[in-house]
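Notes follow once the structure below has been shown.
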Number of protein chains: 2
Amino acid sequence: MFRFSRRPVAERRVRADAQRNLDAVVQAARTVFAAEGVDAPVRTIAATAGVGVGTLYRHFPQRSDLVIAVFTQAVDSCAAAAPALAASLPPGEALAAWLHRYTEFVATKRGLAAALHSGDPAFAALPAYFEERLGPALSSLYDAAVAAGEARPGVAPMEVLGAVANLAHGGSPAMVDLLVDGLLTRT
Amino acid sequence: MFRFSRRPVAERRVRADAQRNLDAVVQAARTVFAAEGVDAPVRTIAATAGVGVGTLYRHFPQRSDLVIAVFTQAVDSCAAAAPALAASLPPGEALAAWLHRYTEFVATKRGLAAALHSGDPAFAALPAYFEERLGPALSSLYDAAVAAGEARPGVAPMEVLGAVANLAHGGSPAMVDLLVDGLLTRT
């Protein structure tokens, strides 16, 4: 059932603007981190996002807040791709397409490595977040592909995530292809 | 043409004994390094080999000499498996069997990692030795499998060696299986 928000229009607009700013900052941080590393100047990120440095600091007081936002946004967007692919491709192809989509996440994560491996306790929850979001995303595609006879049964999804990350991290897209192909049932 | 050695029998026996000792020491070093790490006491290696510590030091004055001997022996034995497998299995199976055999080498190499990554210039030539021996070993099996229509063409052998090492290093034999399976042409 559709219900009108009880918040006044002006307030809703402010909130929408704030959300847009926030999204722009996270997007800009991802781009700048990828290009210049996770120690890139905050003013570069603010300028790329088209917001003031004050706005950036209000949303993300610590650099670790930005790193966490980039990481979780990348996880979320990768997880969201799973149902979208399942809806538009045969099960085996959806599985393969998602695993290739996942290599984009691996590249983003790799760009954050210096921060993520710094030992900062702010990042302690990220591995669990990764596993809880991407494990089920892959499992749903994999189970459907197995059920359709398009993937070999008995493979552990988390192990596949680790292996593809390993190969993608080594800069071997062709090797990711081999692994994904080995996962599929060819006819 | 067969020719009798001009060395007297006694000298030949001494040389054969020396070679046997040397082989026993390298074998013992491999076992002890795998169990206790590359900093294991020399006397443990000598005792395992059944030789005196003096004999061990005469053959291998530095610990790096032992590490190099274990590494090159492991490379040589892995390379030697290639023609043996090619002679006894269909090309695709020989390729797959050799890649699994190669994961044994990866495990040995992993046990030597602390030494190999120490920056000691004594180890500088080992990566080239690895590549020159195992690259052609894999290429010969891979080319035969492609020629027989049992492996997909266009894959770079050194990339496969790197990828399998990566996956085996991560402790994922099932993931090595997937990659090898992706390399083979299923019918």
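The values are calculated or read from the model by the stated rules, or taken from the named source; none is laboratory data. No experiment lies behind these values; they were computed from the predicted model shown. Here the Cβ positions follow ideal geometry from the backbone for every residue, glycine too, while neighbour counts run over all protein chains shown. For accessibility, only protein heavy atoms count, side chains too; no ligands or nucleic acids. Shrake-Rupley method; radii C 1.70, N 1.55, O 1.52, S 1.80 Å.
Things to note:
- Label zone of B:A113 (point 7 Å out along Cα→Cβ, amide N under 14 Å): in region B:153-176 this covers B:165-172.
- Computed over the protein assembly as shown, the quotient of the alpha carbon radius of gyration and 2.2 N^0.38 Å is 1.32.
- Residues B:R186 and A:Q73, FRET efficiency given R0 of 30 Å [Cβ-Cβ distance, rounded to 0.05]: 0.20
- With the whole protein complex present, A:D17 retains an accessible surface near 60 Å², based on a 1.4 Å probe.
- Beta carbon of chain A nearest to the axis of the rotation taking A to B, residue and angstrom distance: A:G182, 2
- Working note: Cα gyration tensor of region A:119-161, eigenvalues times five, square-rooted, sorted largest first, giving semi-axes of 29, 9, 5 Å.
- The angle between the Cα long axis of helix A:9-36 and the main principal axis of chain A comes to about 60°, on a 0 to 90 degree scale.
- Cα-centred dipole magnitude for chain B, charges only on beta-carbon of K, R (+1) and D, E (-1), debye, nearest 20: 880
- For the protein assembly as shown, the Cβ-based charge dipole about the Cα centre amounts to some 480 debye (Lys, Arg positive; Asp, Glu negative; other atoms uncharged).
- Once both labels are positioned 7 Å from their Cα atoms along Cα-to-Cβ, the gap between B:A174 and B:A148 label points is 2.9 nm.
- Cα shape, region B:74-153, gyration tensor, a/c 1.5 rule: prolate
- Given their separation in residues at 0.36 nm each and the Cα-Cα distance between them, B:H59 and B:L89 gain 7.0 nm when the chain is fully extended.
- Length, then width, then depth: along the principal axes, the Cα atoms of chain B run 57, 47, 26 Å.
- For A:H59, label point 7 Å along C-beta direction: distances to other copies, nm: 6.6
- Plainly put, the tip 7 Å out from Cα toward Cβ on A:P127 is 2.8 nm from that tip on each other copy, the closest given first.
- Mean residue ellipticity at 222 nm, helices only, the protein assembly as shown: -24500 deg cm²/dmol; runs of at least 4 DSSP H residues each add -39,500 (n - 2.57), and the sum is divided by the number of residues.
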